[in-house]
Amino acid sequence: MGYSMGGFGAIQLGCFAPELFDAVVSVAGYGMGTSEPNSGYGAPQPVSGEIFDLFLEREACKLARVPVVLAVHAPSDMCSSFRDVSAIIQKTQETAWDTWERSTAKLVRVPDGMANSDHPGKK
């Protein structure tokens, strides 16, 4: 389990060694690259989008071997992409379905009023 960069790490470890985990929980995490054209960190496009697509095809699909994958994220997150995390969960669900893996992947949407609690401009 991890938050933000720790959520990134949880996803990465789950992809790298899915057989070691009963669950992966990522809170405001992300994957490699981004599909966002205007990411908060200025990731260059189209290269970052290509990296994200490769991550989905080669790595994120491995999460389907983890029994429970839970992502907690907000659409209004200003630091990491909700859309990217949605794609990771969707890819995990599709792979589990296609391969008959007993995996549950779920995206929990955080209401906007509760999002970005660590953003510098928010109290």
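The values are calculated or read from the model by the stated rules, or taken from the named source; none is laboratory data. The structure presented is a predicted model; accordingly, all values stated were derived computationally and were not measured. Here the Cβ is made from the backbone with ideal geometry for all residues, glycine too, and neighbour counts use every protein chain on show. Calculation scope for accessible area: heavy atoms of the full protein, side chains included, ligands and nucleic acids excluded. Shrake-Rupley method; radii C 1.70, N 1.55, O 1.52, S 1.80 Å.
With a Förster radius of 41 Å applied to the C-beta separation of D22 and M114, the computed FRET efficiency comes to 0.90.
Surface composition of the chain: carbon and sulfur make up 60 percent of the accessible area, probe 1.4 Å. When the charge dipole of the chain is built from unit charges on Cβ atoms (+1 for Lys and Arg, -1 for Asp and Glu) and taken about the Cα centre, the candidate among A17, T92, V68 whose Cα reaches farthest toward its positive end is V68. Here the Karplus curve 6.51 cos²θ - 1.76 cosθ + 1.60, taken at θ = phi - 60°, turns the phi angles of region 3-17 into couplings of 10, 6, 4, x, x, 4, x, 4, 5, 4, 5, x, 6, 6, 9 Hz, with x standing for Gly and Pro.
Could you give the distance between the Cα centres of region 46-67 and region 80-102, to the whole Å? About 9 Å separates the Cα centre of region 46-67 from the one of region 80-102. With a ≥ b ≥ c the root eigenvalues of the C-alpha gyration tensor of region 1-49, is it rounded (a/c under 1.5), prolate (a/b larger than b/c) or oblate? Verdict is prolate for region 1-49.
Here P(r) over Cα pairs in 10 Å bins from 0, in percent was calculated from the structure, and among (i) 12, 39, 30, 15, 3, 0; (ii) 15, 47, 30, 7, 0; (iii) 12, 43, 35, 8, 2 it sits at label (ii). Remark: accessible surface ordering of K91, K62 (largest first) is K62, K91, probe radius 1.4 Å.
Sequence gap at least 6, Cα distance under 8 Å: using those rules, report the relative contact order of region 16-95 to the nearest whole percent.
On the way: 114 pairs, mean separation 34.4, N = 80.
That works out to 43 percent.
Placing R0 at 25 angstrom, the Cβ-Cβ distance between S4 and V47 gives a FRET efficiency of 0.65 after rounding to 0.05. Measuring only protein heavy atoms, the 1.4 Å probe finds D22 accessible over about 120 Å². Each residue of region 18-35 was assigned a 3J(HN,Hα) from its phi angle through the Karplus expression (A = 6.51, B = -1.76, C = 1.60, θ = phi - 60°), giving x, 5, 8, 10, 8, 7, 10, 10, 10, 10, 6, x, 6, x, 7, x, 7, 8 Hz with x at Gly and Pro.
Beta bridges assigned by DSSP with both partners in the chain are antiparallel in approximately 0 percent of cases.
Loop-resident chymotrypsin sites (Phe, Trp or Tyr not before Pro) (DSSP state other than H, G, I, E or B) in region 10-58 with no more than 12 further Cβ atoms inside 10 Å of their Cβ: Y41.
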